[in-house]
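Student: Here it is: the structure, laid out below.
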Amino acid sequence: MRVAEAFRAAFGADPETVWHAPGRVNLIGEHTDYNDGFVLPFAVPWGVTAAVSPREDGVVRLLSLQSGSGPVTRDRLEDTAGWERYAAGVLAMLGDRVRGADIAVDGDVPQGAGLSSSAALEVSVASAVNEVCALGLTPMEIALTSQKAENDFVGMPCGIMDQAASALAKEGHALFLDCRSLGYRNVPLDLAAHGLEILIIDTRVHHELADGEYAKRRAECESAARTLGVPALRDVTDLAAALERLSGNERKRTMHVVTENHRVEALIGLLRAGHPAETGALLNASHLSLRDQFEVTVPELDLAAEAAVRGGARGARMTGGGFGGSVIALVAADRVASVRESVSTAYAAKSWREPRYLRATPAQGAHKVG
Ligand code: GLA
């Protein structure tokens, strides 16, 4: 394994353990996680593999096969930047039981596609350290630790979805997660049996304002919940009555979150009833709601979703935080070429860079590989 060889070459011994953790796409349930709502992501076949050995001397050495690295000490984790910060954040959150570590990571999540390479990095490192330091954390505790690293150390106020998907997803399944109770169920997602697949359309756009806008949306949702006197937008039961009491952005954000939670439940219902092809309308409705009510799409996402449907997709929507990244399209296997053609032609007409197409079947969450 490449990462184990790089570990040996850099640190002069075999790693004690090697873990792989995947990135994710979200089938539906967008911007619902930090509103205590429902999400339905699945793990993608790309991720981060972390080779780790513990150290007793307070030194942390970090090596990435994709970018630079350097030794830091346990008490100087704060000095890290870039990718190292995600790994350092995990160690910082794990506390004093982790005295030091040698860590090498190797990732293949397509960069900038919004497929949660950072969650894959955090969860792979946390899982490996959990084992070698005998911390006894459950996969959900690993997800929560990773989210805390991202919130408190990296400074991105994300919800639990990405880390939970990376830690808990099962091959061939989507992960239905209640982000309040943290109860979850692995929902079978065998699209191939129905002649369907998920095509990921990576717009290759990433807007710099993404993180700032994310924090703003989160604050607007929290403020709407306060106005309504509920703990979170998840608790809105009478949408019409709630909307009457709100205005402006709070009104729009609430409309999205409440209807999106319903769409998650409806989509699961269709999957359980054996009708995955009928979920397309829910995907389309989710996209429109993210475009018009939550306002996190950009023209590149809107056009990719529209052109995918025009090219024969059953439905399409942006996935992840928005402001760039990827669209997922639910496509009959024999329509994939025409969907790609439709999107590429629409992009060419705008003189935009050709999107990248990826095909994803639901992969296994974090697991030991060496
Ligand atoms: C990002 C965050 C997640 C979630 C999505 C939107 O991916 O990391 O926690 O909020 O955006 O659904």
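Student: List, in order, the whole-Hz ³J(HN,Hα) value for each residue of segment 41-46 obtained from phi through the Karplus relation with A = 6.51, B = -1.76, C = 1.60 and θ = phi - 60°; use x for Gly and Pro.
Tutor: x, 9, 7, 9, x, 10
Student: Which percent of the accessible area of segment 283-370 is formed by carbon and sulfur heavy atoms (probe 1.4 angstrom)?
Tutor: Carbon plus sulfur share of accessible area: 50 percent.
Student: Sticking with this structure for a sec: Applying a 10 Å radius around every beta-carbon, put 341-350, 193-202 in order of their mean neighbour count, most first.
Tutor: Listed from highest to lowest mean packing, they are 193-202, 341-350.
Student: Let me ask something else about it. Let's see if you can work this out: charge +1 on each Lys and Arg Cβ, -1 on each Asp and Glu Cβ, no other charges. What is the dipole magnitude of the chain about its Cα centre, in debye to the nearest 20?
Tutor: Using only the charged Cβ atoms, the result is roughly 520 debye.
Student: Another one. Please report, in whole Å, how far the alpha carbons of segment 250-298 spread along each principal axis, starting with the longest.
Tutor: Cα extents, longest axis first: 36, 20, 10 Å.
Student: Still on this structure, I have one more. Which whole-Hz ³J(HN,Hα) couplings does segment 164-179 yield from phi under the Karplus relation 6.51 cos²θ - 1.76 cosθ + 1.60, θ = phi - 60°, glycine and proline marked x?
Tutor: The phi angles translate into 5, 4, 5, 7, 10, 4, 10, 3, x, 9, 9, 10, 8, 10, 8, 6 Hz.
Student: Okay, next question. I'd like to check one number: the per residue accessible area of the chain, probe 1.4 Å, reported in Å² as a whole number.
Tutor: Numbers: 14540 Å² over 370 residues.
Per-residue accessible area for the chain comes out at 39 Å².
Student: Among DSSP beta bridges lying fully in the chain, give the percent that are antiparallel, nearest 5.
Tutor: So the antiparallel bridges amount to about 90 percent of the total.
Student: So what is Rg over Rh here for the chain, counting just Cα atoms and using Kirkwood for Rh?
Tutor: On the way: Rg = 20.6 Å, Rh = 20.9 Å.
Rg/Rh for the chain comes to 0.98.
Student: What residues have an amide H closer than 5 Å to that of T17, excluding those fewer than 5 places away on the same chain, when H is modeled at 1.01 Å from N in the peptide plane?
Tutor: Amide H neighbours of T17, under 5 Å, 5+ apart: V52.
Student: For the Cα atoms of the chain, what angle does the longest principal axis make with the long axis of helix 210-228, in degrees from 0 to 90, nearest 10?
Tutor: Rounded to the nearest ten degrees, it is 60.
Student: Show that you can apply the helix-only estimate: for the chain, add -39,500 (n - 2.57) for every DSSP H stretch of four or more residues, divide by all residues, and state [θ] at 222 nm to the nearest 500. Walk me through the numbers before you get to the answer.
Tutor: Numbers: 11 runs with 144 residues, N = 370.
The per-residue figure over the chain is -12500 deg cm²/dmol.
Student: Which length gain, in nm to one decimal place, applies between T73 and D292 when the Cα-Cα distance is subtracted from 0.36 nm times their residue separation?
Tutor: That pair, T73 and D292, stretches by 74.1 nm at full extension.
Student: Nearest 0.05, what FRET efficiency do A219 and D14 give at R0 = 56 Å with Cβ-Cβ as r?
Tutor: That pair, A219 with D14, gives E of 0.75.
Student: For segment 271-370, compute Rg over Rh where Rg is the Cα radius of gyration and Rh is the Kirkwood radius from the inverse mean 1/r over Cα pairs.
Tutor: Radius of gyration over Kirkwood radius for segment 271-370 works out to 1.01.
Student: Using Cα atoms only, what is the angle between the long axis of helix 248-272 and the major principal axis of the chain, expressed in degrees (0 to 90) to the nearest 10?
Tutor: Orientation of helix 248-272: about 80 degrees from the principal axis.
Student: By how many nm would the segment from L209 to S181 grow when fully extended, if each residue of separation counts as 0.36 nm and the alpha-carbon distance is taken off?
Tutor: The span from L209 to S181 would gain 7.0 nm if fully extended.
Student: How much FRET efficiency would the formula 1/(1 + (r/R0)^6) give for E244 and K350, where r is the Cβ-Cβ distance and R0 is 41 Å, rounded to 0.05?
Tutor: Efficiency computed from Cβ-Cβ geometry: 0.55.
Student: Which of V39, G29, L301 sits closest to the plus end of the dipole of the chain, meaning its Cα is farthest towards the positive end, when Lys and Arg get +1 and Asp and Glu get -1 on the C-beta?
Tutor: My answer, from the dipole projection, is L301.
Student: At a 1.4 Å probe radius, carbon and sulfur cover how many percent of the accessible area of segment 44-195?
Tutor: Percent of accessible area from carbon and sulfur atoms in segment 44-195: 50.
Student: Still on this structure: Which value, in Å² rounded to 10, gives the accessible area of F153 with a 1.4 Å probe and all protein chains present?
Tutor: Number for this one is 20 Å².
Student: Across segment 362-370, in residue order, what do the Karplus-derived ³J(HN,Hα) couplings come to in whole Hz, using 6.51 cos²θ - 1.76 cosθ + 1.60 with θ = phi - 60° and x for Gly and Pro?
Tutor: Result, ordered by residue: x, 9, 7, x, 3, 8, 7, 10, x Hz.
Student: Further, regarding this structure: Which GluC sites (Glu not before Pro) from segment 20-92 combine a DSSP loop assignment with at most 12 other Cβ atoms within 10 Å?
Tutor: Taking segment 20-92 and a limit of 12 other Cβ atoms within 10 Å, the loop GluC sites (Glu not before Pro) found are E56.
The values are calculated or read from the model by the stated rules, or taken from the named source; none is laboratory data. Here the structure is a predicted model, which means the values were calculated and not measured. So basically every Cβ, Gly included, is an ideal-geometry build from the backbone, and we count neighbours across all protein chains shown. These area figures cover heavy atoms from the full protein model, side chains too; ligands, DNA and RNA do not enter into them. Shrake-Rupley method; radii C 1.70, N 1.55, O 1.52, S 1.80 Å.
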